[in-house]
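Heads up: the structure comes next, in structure tokens.
Quick note: the coordinates plus some simple rules give every number you see, no bench work behind them. Values in this document were obtained by computation on a predicted structure and should not be read as measured data. When we count neighbours, we look across all protein chains shown, and the Cβ atoms used for this are built from the backbone with ideal geometry, even at glycine.
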């Protein structure tokens, strides 16, 4: 829905519900910063939003080439936003390579801003283009604005005495200034950011401020744009909000868990994309007593966390799929010695090194089963960037209450994607009770709590509790090394029962939408957004469709089997080859069908709509 | 906290009720006995001792020590112990490992623990063989050694554990022998007093798969000719008649016969605390050379480098003093926020 007004200068201002904008350029063009700044500004204004940063694994591929293209997409709206958007309303392409890689996603008649100064013969050749798209009419279906971004930025900063290289680095702020004009947004927030970011380099503060101001003024002064847009604030539930990405939310969630449990947090980690930001963030929280240990490898990362947990800290390790593969044996040790531990796997495309910066959810089976022998581990998955905060707290709670390692499966999309997040009231955060064993009378290291089956947490330094644990099979109750056949079977079953029993301690699956009927969609992880968006389509209003989004993948909610049976069909969309659907079929004998996308990108709403239509039409 | 007097411990207080499952005659028994005796004298409360081990015969050690103990996975004991020590620096954490565990599968963790100087005491049981897997060669097996996995002799050049530890910037490196009980106990005490990583190679016999591993050094008659006992501040003298010494010759060491104008004054005086590792390297490589003795005792003990756990924890304290203790409310509300009103 759009209403249009005309201002005194004869320019139109159109009010829209929603807009999707994408900044793309070379890896060195600062597109991630530009996108984040635009995001923060629309967030502060009160729009609901979702973002999709999309960058190459190479830090700086040769400038201007196709592999070097980096992009950042923001979907902002006065309505609820669940995805970064399938297609974009406005595309800012800083060079031919960026144009070539992104133009397919621009809506017909969409706004296209290109940097005219970067469309020379050499630039075109680097992008493997044979003709100049600005001249060859291939862009006729769009509203093309060819702007001399480089030249105009240089002109604006002429008097600063900076070298051309430094000046050219400011052209992303020129483009950002244009977008602020185009969407009627204040530049104040980004001014503040520039001031803080370059506080030690006053010349750059001035340069970036001036470049952005110049971009804004350019739109105002020239009549390039006859129209600008306004997207009113969204009706979010009352509260104080901030913008948050999944990795930030995880880091803060673990700090909150540490505070609520009254235990120090120890992170053992080895840098790996896309998980490293959690290490960076937690390393800064020394004021919370957080110990971060950048280990020599993935194995030392997890084992140091086990050592810290043995000593009574919250042991945490963060990684991605290849790293979790390396941690496998140590995770089995944590299962055997029954110590609390949290392992975060921020999934990326695989196998092997795969697509380090792209998203995928293909580590589910690794998380569930990827260890030698019977080594059950609870598995949780956040649904949105903000949910990562709650999942971190919940994983810690379960780990401590049940004395088990717990896996969190996030992914690259949640990790880097951002959304407005309502800041919780800290007095309302869940408690995480901790009980260290103190009583030496008849102490047995493997005597279990009858309810939770957890063994006592008996930390070194406690008088009278000296005892030995290890990876060899334990005798039930005493914890002594024991190889007896029946004891082994009993211990294997006890460890499994302990994890199964967590199902009593987690919420039931409650379908959103129809409680029974034609179709149930079951999902997990970051697919929550696009599925929710697809199900809002008018197309499905005559169908009885339910949606269960699983945050707990092991154990599954105890009523899930009943829910699955209430629908004629079950569809499980996943960014893998069908891992959850396999588990559901095996466990519940349900004829669920998968819908799989393995492109390193999240589902589009339109793709899901089509698939749902197709499934509904099946006999 | 109330100060409690330290109980008087005896060796018995450190024995467990577990049946010891090493082969009869194994050198590990002697090491266990020495450790149990020494622990009674260290002035540390029993509940503050922790033994962490990896995998292998040696790594069963914690089951037989009545302290806190954690038998972990192959090669990873230094990393697990690091996590424990940095989060609980007040504990007295000991690592028990073997030549395969520490120098093969756990080589990476060993060198990084040493370069960080984590305050861990590491007992490396070196028997130059894989015992628990029944007789394959290890990274310290001598070249050409015939074992189950090398029927025609090994072609691997072995590690010299002392040299490796010094190369990894270890601040305390020592060597002792399973059967030299008194020497072993003294060495353990010195290691215990060291601030930072202490790496002790204990030459240990595997009477099943590598019997006589160190016979050259332990045979009563040969002992004094083949071993030199290092003592800080004392000249390097060895031999049955204390008539051989070691002196510098250019950038190298040489063995000399005392007499004929050569006196103790010409010999090198052992300086375990020398700030640079070059001298320790020379000592480490003596044993490979014909006519040179194998040094035992403290090869290097250098305390001018703060232990890792102290650096980590003092950094946390400094930040807390500067910023104040973390406030969760402030953390969650950091950066740009906006309010949506009802």
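Side notes on the structure shown:
- A straight chain from residue A:566 to residue A:473 at 0.36 nm per residue would run longer than the Cα-Cα distance by 29.2 nm.
- Angle of helix A:321-337 to the longest C-alpha principal axis of chain A, folded into 0 to 90 degrees and rounded to 10: 20°.
- Cβ neighbours within 10 Å from other chains - mean over B:306-314: 1
- Region A:239-266 versus region B:273-342: alpha-carbon centroid distance in Å: 27
- FRET efficiency estimate (nearest 0.05) - Cβ-Cβ, residue B:338 to residue A:559, R0 41 angstrom: 0.60
- Extension gain (nm, one decimal) between residue A:598 and residue A:497, 0.36 nm per residue minus Cα-Cα: 32.9 nm
- If R0 is 60 Å, the Cβ-Cβ spacing of residue A:166 and residue A:510 corresponds to a FRET efficiency of close to 0.60.
- Euclidean distance of C-alpha centroids, region B:105-184 and region A:523-591, integer Å: 54
- Three-way shape label, chain B, alpha-carbon gyration tensor, a/c 1.5: prolate
- Inter-centroid distance (Cα atoms) of region A:353-398 relative to region A:110-143, Å: 42
- Across peptide B:47-56, the average count of Cβ atoms from other chains found within 10 Å of a residue's Cβ is 4.
- The ratio of the alpha-carbon radius of gyration of region B:101-173 to the globular-protein estimate 2.2 N^0.38 Å is 1.19.
- Helix B:27-39 and the longest principal axis of the Cα set of chain B meet at an angle near 60°.
- Distance-filtered residues of region A:287-307 - backbone nitrogen under 13 Å, label point 7 angstrom along residue B:318 Cα→Cβ: none
- For chain A, the longest principal axis of the C-alpha atoms and the axis of helix A:485-500 are separated by about 40°.
- Once both labels are positioned 7 Å from their Cα atoms along Cα-to-Cβ, the gap between residue A:425 and residue B:8 label points is 6.2 nm.
- If you plug the beta carbon distance of residue B:281 and residue B:189 into 1/(1 + (r/R0)^6) with R0 = 25 Å, you get a FRET efficiency near 0.50.
- The slack between residue B:264 and residue B:247, meaning 0.36 nm per residue of separation minus the straight C-alpha distance, is 5.2 nm.
- Whole-number D in µm² s⁻¹ for region A:328-448, Kirkwood Cα-pair radius fed into Stokes-Einstein, 25 °C, 0.890 mPa s: 151
- Chain B - percent relative contact order, Cα under 8 Å, separation 6 or more: 14
- Based on the Stokes-Einstein relation at 4 °C and a viscosity of 1.567 mPa s, and on the Kirkwood radius from alpha carbon pairs, region B:213-310 is assigned a translational diffusion coefficient of 90 µm²/s.
- Working from label points 7 Å from Cα in the Cα-to-Cβ sense, the residue B:23 to residue B:329 distance is 6.7 nm.
- Modelled label reach - residue A:587, point 7 Å along Cα→Cβ, region A:333-373 residues with backbone N closer than 14 Å: A:364-369
- Anisotropy class of region B:1-61 from Cα gyration tensor, a/c 1.5 cut: prolate
- Three-way shape label, region A:543-619, alpha-carbon gyration tensor, a/c 1.5: oblate
- The value of relative contact order for chain A, using C-alpha pairs under 8 Å at least six residues apart, is 11 percent.
- Under the simplified labelling scheme, the residue B:90-residue A:373 pair shows an inter-label distance of 3.5 nm, with each label point 7 Å from Cα along Cα→Cβ.
- The protection proxy used here, the mean number of other Cβ atoms lying within 10 Å of each residue, ranks peptides A:334-341, B:72-79, B:26-33, B:174-181 as follows, highest first: B:72-79, A:334-341, B:174-181, B:26-33.
- Considering all different alpha carbon pairs of the protein assembly as shown, the Kirkwood hydrodynamic radius works out to 31.5 Å.
- Going from the fewest other Cβ atoms within 10 Å to the most, the residues A:551, A:143 appear in the order A:143, A:551.
- Over the Cα atoms of region A:56-156, the radius of gyration divided by the Kirkwood radius equals 0.99; this is the Rg/Rh ratio.
- The mean number of partner chain beta-carbon atoms within 10 angstrom of a residue's beta-carbon across peptide A:313-321 is 1.
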